[in-house]
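Accompanying notes for the structure given below.
The values are calculated or read from the model by the stated rules, or taken from the named source; none is laboratory data. The shown structure was predicted, so the numbers you read here are calculated from the model rather than taken from an experiment. Note that each Cβ is placed from the backbone with ideal geometry, even for glycine, and that neighbours are counted across all protein chains shown. Just the protein is used for accessible areas: all its heavy atoms, side chains included, with ligands, DNA and RNA removed. Shrake-Rupley method; radii C 1.70, N 1.55, O 1.52, S 1.80 Å.
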Amino acid sequence: MKTLYLDCGMGAAGDMLSAALIELTDDKQAFIDQINALGIPGVRVCAERAEKCGIVGTHYSVRVDGAEEESEDEHEHHHEHDHEHEHHHEHEHEHDHDHEHHHDHDHDHDHHHEHDHAHRHSSVADIGALIDGLPLSDRVKADAKAIYGIIAEAESRVHGRPISEIHFHEVGTMDAVADVVSVCLLMEKLSVDEVIASPVHVGSGHVHCMHGVLPVPAPATALILKDVPCYGGRIRGELCTPTGAALLKHFVTRFGDMPVMRTQRIGYGMGKKDFEWANCLRAFLGESEGKREGIARLECNVDDMTGEEIGFAMDMLFKAGARDVYTQPVGMKKSRPGVMLSVICLPGDADRLAGVMMKHTSTLGVRREDLSRYVLDRSLETVQTPCGPARIKTAAGMGVKRSKVEYDDAAALAEKSGSTLREAAHWVFSQKALSEKK
């Protein structure tokens, strides 16, 4: 399975992700030329060599009308800027139209026009129309618009306004469009089967925004990262932007540890800021040995339930979405024999299934343990036989491949043909082999 693993231990921003993915491609310059040929207004991009803490990687530079945007946070700036020179922080996207052009520049009209062009405030519809007009595949356009949809939804909730009234400030300018489109195009080119990312380091401290000073992560980023494992730390500064958070939320299949994989390429995407730790996002591209997914195990011990009651509770748990339910004999206090009831489920289902255990057992408490497990890729194929259809389940990965006939189907064929279960299963595989030869 072709797997992309993203190490977000130093955060995530659109330019850092672009840079890391560019290093995984065969021809950096060909990609840069392709982006520059898209016709994003005023935009020119380049991949520059960068070094952080002795590690060499790529910085993805996006310039609009010759200028590269700067971010402001507590790490870099401790003073206020005049409004005419301030580069507002990426998080404050929403902006009232009444204040959109209240700039006081001493420059000539042409320069003022270019400044407004680079910092214009665009609606979600404006961004969508711009993306639709670019010479990109339908998939890339859909991904880019979905990412802006994630950001717009977060901004809408943060500011308490409908999405139609949200206007992007910095994230809506052409430099951010270039970042989003670049990542979407690179993901299409890499064509991976799954994307796994580490927990996200968001940084700490405060950021200076056009409406004031906000904590890290800023409200929009925090909302986008809901249900995503993330953490702060000693580094004073913003390490994950709303654009980076939205890109991860859209593309990442799951968050967790690096899977067992044969790495073929490694990319280092460098940020602009300098910290005591290397400010970079690492991307690993390779073949994974098998999927690893997060699971939860719920357990309780009971010594006052009948076998029928325990069996009924197991049925209810399976119907409620448990992946597996099983029992084990245990010795309990006062030398009583008891039963330990165990449930395997997805982490998102754990709270609900714990409620089912409380309802259908006599326990007063349920233990929960969060784990991970390796799983094989599974597929299902239907084979037509003279006695009816039969499904074959195939599991593959980690050097293993095995198939078996679905029990209910094999049992039905055995009953119809008067054969044993094993003979029926063998017959299904014979029919499959015959159909593949035709």
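Observations on the model:
- Overall size of the stretch 231-365 from C-alpha positions, given as principal axis extents largest first: 65, 35, 28 Å.
- Violating pairs (Cα-Cα greater than 30 angstrom) within the set Lys333/Lys359; Lys226/Lys393; Lys2/Lys319: Lys226/Lys393; Lys2/Lys319
- Alpha-carbon Debye profile of the stretch 285-405, log10 I(q)/I(0) at 0.09, 0.10, 0.14 Å⁻¹: -0.38, -0.46, -0.76
- Looking at the stretch 378-438, the pairs of alpha carbons with a distance over 12 Å make up 65% of the total.
- The orientation-averaged projected area of the convex hull spanned by the Cα atoms of the stretch 182-236 comes to 5.4 nm².
- Note on the stretch 1-59: percent of Cα-Cα distances in each 10 Å bin, starting at 0 and stopping at the bin with the largest distance, equals 18, 49, 28, 5.
- Protein-only accessible surface order, largest first, of Ser379, Ser18 at 1.4 Å: Ser379, Ser18
- Heavy-atom accessible area for Tyr374, with the other protein chains in place and a 1.4 Å probe, reaches approximately 110 Å².
- With R₀ fixed at 30 Å, the C-beta to C-beta distance from Thr306 to Thr394 puts the FRET efficiency at about 0.15.
- If the convex hull is drawn through the Cα atoms of the stretch 334-438, its volume per residue in Å³: 207
- In Å, descending, principal axis extents of the Cα set of the stretch 128-278: 47, 43, 28
- Put Cys240, Cys230 in order of accessible area, highest first, and with a 1.4 Å probe you get Cys230, Cys240.
- Surface composition of the stretch 269-368: carbon and sulfur make up 52 percent of the accessible area, probe 1.4 Å.
- Applying both filters, DSSP loop and at most 14 other Cβ atoms within 10 Å, to the GluC sites (Glu not before Pro) of the stretch 183-277 gives Glu276.
- Normalised by the number of residues in the stretch 228-326, the mean separation of alpha-carbon contacts (under 8 Å, six or more apart) gives a relative contact order of 21 percent.
- Ser123 contributes about 20 Å² of solvent-accessible surface, heavy atoms of the protein only, 1.4 Å probe.
- Of the whole protein surface, Arg157 contributes about 140 Å² of accessible area at a 1.4 Å probe radius.
- The peptide list 392-405, 311-324, 2-15, put in order of mean Cβ contacts within 10 Å with the highest first, becomes 2-15, 311-324, 392-405.
- Across the protein chains, with a 1.4 Å probe defining accessible surface, the residues Arg391, Arg254 rank Arg391, Arg254 from largest area downward.
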